[in-house]
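No lab work stands behind these numbers, since they all come straight from the coordinates. Keep in mind it's a predicted model, so treat the numbers as computed, not measured. Cβ placement follows ideal geometry from the backbone for every residue including glycine, while neighbour counts extend to all protein chains displayed.
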Amino acid sequence: MRVLFAVMLAACRHGSAPPPPPPTCGETAEHVRTLLGREDQGARDIEQVFARRCKDDRWSADVRACMVSTQSFKDPKHCKARLTIAQRSHLDADLQTAAAAERARQYPAPCLLYQEIVDKMADCDKLPEAAREAMRTGLDTLKQNWTDLDDPKRYKDFSDACKAAAEAMRQAGTSLGCSL
């Protein structure tokens, strides 16, 4: 009997340790940011998206553990496929919003000024509605082309075009008596 008790006691002491708790949403999001390999505002935005979506959509411990076990985007574990359709949809939508914010931070200053003037002109009742709509459409078209601004020549070209457009809009608005 003593031998049986000693064996049972030894088995209890030398048994495997309980598994660690699953990563939290915050730990999961932080890991994703570290995989990005950068510390800029865009990376922080993505981290916030993952933290919010994980918490609000109640990601499973399995999904969180999968994401934290991913060591590189070059060797993905396809953790996103473990999310429900609704969870993936929410994550994708929020990541698109973060990507748009990242692109907006890269716009040349004259383009942001041009956008501001167009927004103000759109509120000017002295300008015909058709003209206001044409301005909005033109700005939307220009924004769609605000891509690949890492190329210095393309950045300068867009900056120069926006500067000229902003000045033309400012003059038109002033001549109409619009408050800019």
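List the lysines whose Cα lies under 23 Å from the Cα of Lys163, skipping any in the same chain that are fewer than 8 positions away. By straight Cα distance, Lys163 reaches Lys120, Lys143, Lys153. Among Asp62, Asp150, the order by Cβ neighbours within 10 angstrom, fewest to most, reads Asp150, Asp62. The value of relative contact order for the chain, using C-alpha pairs under 8 Å at least six residues apart, is 19 percent. Given their separation in residues at 0.36 nm each and the Cα-Cα distance between them, Asp92 and Ala104 gain 2.5 nm when the chain is fully extended. Its residue count N sets the reference 2.2 N^0.38 Å, and the alpha-carbon radius of gyration of the chain equals 1.70 times that reference. Exposure proxy shown here: for Cys111, Cys124, the number of other Cβ atoms within 10 Å sets the order, fewest to most, as Cys124, Cys111. Using only the C-alpha atoms, the convex hull of region 25-105 corresponds to 83 Å³ per residue. Packing, taken as the mean count of other beta carbons within 10 Å per residue, orders the peptides 83-96, 20-33 from highest to lowest as 20-33, 83-96. The HN-Hα couplings worked out from phi for region 115-131 by the Karplus form 6.51 cos²θ - 1.76 cosθ + 1.60 (θ = phi - 60°) are 4, 4, 5, 4, 4, 5, 5, 5, 8, 7, 6, 7, 9, x, 4, 4, 5 Hz, whole numbers, x standing for Gly and Pro.
Phi-derived couplings, Karplus 6.51 cos²θ - 1.76 cosθ + 1.60 at θ = phi - 60°, listed residue by residue for region 59-75: 4, 5, 4, 4, 5, 4, 5, 4, 5, 5, 7, 5, 9, 7, 5, 6, 10 Hz, with x used for Gly and Pro. The peptide list 50-60, 169-179, put in order of mean Cβ contacts within 10 Å with the highest first, becomes 50-60, 169-179.
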